[in-house]
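Colleague: For reference, the structure I am asking about is given below.
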Amino acid sequence: MTLSAPALRHDDYTAMRQAMVASQLRTVAVTDPRVVTAMAQVPRERFVPAASAALAYRDTAIDMGQGRALNTPLATARLLVQARLQPGDRVLLIGAAAGYTAAVLASLVAEVVAVEVTPALVAQAREALADTPNVTLVEGPLEAGHPSAQPYDVLIVDGAVEELPATLTSQVADGGRIVSGLIERGVFRLAAGAHRGAATALTPFADIDSVRLPGFARPRSFTF
């Protein structure tokens, strides 16, 4: 029988968080000590539905309702490491869900603009991040980003997409870094690259499942 959230104490969650760091992150190429420390401190259970709090630190995506899901800890961690985050960075986060990754980023960079399309999740994120002044939450289509605050040093897409539109990647400063999950012929990969001039080049670096984000389907070619 799965334990419900009220049956778990603060110490239980702390122990599960440390186990996640030890067994899921440190053993699989999550090498940036700043990312590891941030994920060891942010209480992930605060950013998932109460009924799923006991699952918060498992190596699995968590259903957030209304067609959205929270990425696995490993997928998020690998993206953050590959982004080569610097303390002065301004980050555009796509797929904020209820705010977990934004909370992790808040201790790593100067500013986070986090975009989420699902109103209920935006409301949860606003409550959870109320005391996090360097995070700005934006409700709107994920693929639109938030151009009024561009340019960003880093674009982090915390999930998998079939393609990244130029309307989104163009919001990154010249030479800025981009990390994202990609879906290529049904295979889920994590990829990283840079935006230079009008071009964006991403190179896969790990075959790791991540949650599919809405709004990024590749246009289907017409066939007779």
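Colleague: Roughly how far apart, in whole Å, are the Cα centres of segment 31-60 and segment 73-98?
Modeller: 14
Colleague: Write down the percent of antiparallel bridges among all DSSP beta bridges whose residues are both part of segment 79-206, to the nearest 5. Kindly include the intermediate steps, with their values, before the conclusion.
Modeller: Numbers: 16 of 37 bridges.
Given both bridge residues lie in segment 79-206, the antiparallel proportion sits at roughly 45 percent.
Colleague: Let me ask something additional. With a probe of 1.4 Å, find how much accessible area segment 1-157 has per residue, and write the answer as a whole number in Å².
Modeller: 43
Colleague: Quick one: length gained pulling Ala51 to Glu184 fully straight, 0.36 nm per residue minus the C-alpha distance?
Modeller: Values: separation 133, 0.36 × 133 = 47.88 nm, distance 3.30 nm.
Full extension of this stretch gives 44.6 nm more.
Colleague: Considering only the other residues whose Cβ falls under 11 Å of the Cβ of Asp89, what net charge follows from Lys and Arg at +1 and Asp and Glu at -1?
Modeller: Values: positive: Arg84, Arg90, Arg177; negative: Glu111, Asp153.
So the surrounding residues net to +1.
Colleague: With θ set to phi - 60° and the Karplus curve 6.51 cos²θ - 1.76 cosθ + 1.60, what are the ³J(HN,Hα) couplings of segment 197-209 in order, to the nearest whole Hz, using x for Gly and Pro?
Modeller: x, 9, 10, 10, 10, 10, 10, x, 10, 7, 8, 9, 5
Colleague: Take peptides 161-169, 98-106 and line them up by average Cβ neighbours within 10 Å, highest first, as a rough protection proxy.
Modeller: Going by the mean number of other Cβ atoms within 10 Å, highest first, we get 98-106, 161-169.
Colleague: Moving on. Show me, for segment 36-44, the HN-Hα J-couplings you get by feeding each phi into the Karplus relation (A = 6.51, B = -1.76, C = 1.60, θ = phi - 60°), rounded to Hz, glycine and proline as x.
Modeller: Karplus-based 3J(HN,Hα) across segment 36-44 equals 4, 4, 4, 6, 7, 9, 6, x, 4 Hz.
Colleague: Right, something else. Enumerate the amide H contacts of Ala194 below 5 Å, restricted to partners 5 or more residues apart or on another chain; note that Pro and chain-start residues carry no placed amide H.
Modeller: The list, which skips near neighbours in sequence, is Ile178, Ala201.
Colleague: If you don't mind, another one. Within the chain, which is the longest segment containing none of the trypsin sites (Lys or Arg not before Pro) that sit in a DSSP loop and have at most 11 other Cβ atoms within 10 Å?
Modeller: In the chain, the maximal stretch lacking such sites is 10-184.
Colleague: From the backbone phi of segment 98-113, what are the Karplus-calculated ³J(HN,Hα) couplings (6.51 cos²θ - 1.76 cosθ + 1.60, θ = phi - 60°) in whole Hz, Gly and Pro given as x?
Modeller: With the stated coefficients, segment 98-113 comes to 8, x, 4, 5, 4, 5, 5, 4, 4, 8, 10, 9, 6, 8, 10, 10 Hz.
Colleague: With +1 on the Cβ of every Lys and Arg and -1 on the Cβ of every Asp and Glu, and nothing else charged, how large is the dipole of segment 120-224 about its Cα centre, in debye rounded to the nearest 20?
Modeller: Once rounded to the nearest 20, the dipole reads 320 debye.
Colleague: Let me ask something additional. Mean residue ellipticity at 222 nm from the helices of the chain, using -39,500 (n - 2.57) per DSSP H segment of n ≥ 4 over the full residue count, to the nearest 500 deg cm²/dmol?
Modeller: -6500 deg cm²/dmol
Colleague: If you put +1 on each Lys and Arg Cβ and -1 on each Asp and Glu Cβ, how big is the dipole of segment 60-207 around its Cα centre, in Debye rounded to 20?
Modeller: Roughly 300 debye for segment 60-207.
Colleague: What distance in nm lies between label points placed 7 Å from Cα along the C-beta direction at Asp12 and Glu139?
Modeller: Calculated label separation equals 3.3 nm.
Colleague: Taking 0.36 nm per residue of sequence separation and subtracting the Cα-Cα distance, how much length would be gained by fully extending the chain between Arg84 and Gln66, in nm to one decimal?
Modeller: Residue separation times 0.36 nm, minus the Cα-Cα distance, leaves 3.3 nm.
Colleague: Averaging sequence separations of C-alpha pairs under 8 Å and six or more residues apart, then dividing by the length of segment 60-207, give the relative contact order as a whole percent.
Modeller: The normalised contact order for segment 60-207 reaches 20 percent.
The values are calculated or read from the model by the stated rules, or taken from the named source; none is laboratory data. The model shown is predicted, which means the values in this text are computed figures rather than measured ones. Positions of Cβ are backbone-derived with ideal geometry, glycine not excepted, and every protein chain shown enters the neighbour counts. Note: areas computed on protein heavy atoms with side chains; ligands, DNA, RNA excluded. Shrake-Rupley method; radii C 1.70, N 1.55, O 1.52, S 1.80 Å.
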